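Remarks on the structure that follows.
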Amino acid sequence: MKQSLLALMLIPCALPALAEKPHPERLEHGRQVYLQTCSGCHDTGDSGAPLLSEPGQWSQRSDLWEAVLFKHANEGYGLMPAEGGDPQLQEYDVDAAAEYMMSEIFPERTTD
Ligand code: HEC
């Protein structure tokens with residue numbers, strides 16, 4: 001238990017890519033998109049989606065970090081549908097949602 005806690009605390013240090021703080025409006029937009037489109041799987045684990053509430057499920061993925069995660073969110077990855085399954089979404093929306101997710105999963109990375 002202690003060890004996994006320590007691992008969680010170390011994750012943000014290993015991920016320097018999200019140094020810039022997302023713009024609050026973009027983050028809010030991302031939250032809306034997330035709630036509308038992404039939460040169906042990422043809040044429930046549907047299709048085996050990693051849960052937003054479980055940072056441990058993201059620790060391996062986040063090694064890839066932004067560029068790859070955002071690409072996967074837009075283009076699809078395994079059972080993860082392109083654009084979260086909503087072709088109405090623009091790349092900006094999907095990126096904002098992914099950014100929101102990352103800020104929730106690793107809050108240390110986006111707060112002062
Ligand atoms: C139909 C269910 C579903 C929806 C809706 C969904 N996801 Fe996913 N998502 C998944 C699954 C399943 C995975 C794991 C894919 C794998 O590892 O094979 C995943 C993985 C991801 C990943 C990690 C990709 C990686 O490279 O490891 C990101 C980022 C992500 N989703 C973002 C989003 C965003 C942003 C949205 C909304 C726009 C969204 N997802 C909507 C099911 C979904």
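The values are calculated or read from the model by the stated rules, or taken from the named source; none is laboratory data. Please read all numbers here as calculations on a predicted model, not as lab measurements. Positions of Cβ are generated from backbone atoms using ideal geometry, with glycine treated the same way; all protein chains shown enter the neighbour counts.
Below are the figures for this structure:
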read-out: Qualifying positions in segment 55-86 - within 9 Å of the ligand (Cβ to nearest atom), assigned to a helix (DSSP H, G or I) and on the phi > 0 side of the Ramachandran plot; value: Glu83, Gly84, Gly85
read-out: Single match in Leu89, Leu52 (criterion: under 22 Å from His23 (Cβ atoms), of a type outside the set (S, T, N, Q), more than 8 Å from the ligand (Cβ to nearest atom) and modelled with pLDDT of 90 or more); value: Leu52
read-out: Close pairs (7 angstrom Cβ cut-off, 6 or more residues apart or separate chains): under 15 Å from Ser47 (Cβ atoms) in segment 67-92, more than 9 Å from the ligand (Cβ to nearest atom) and of a type outside the set (Gly, Ala, Ser) anywhere; value: Ala82/Glu75
read-out: Filtered residue count, segment 29-49, keeping only those that are free of Cβ contacts under 8 Å to residues at least 60 places away in the same chain and at negative phi; value: 11
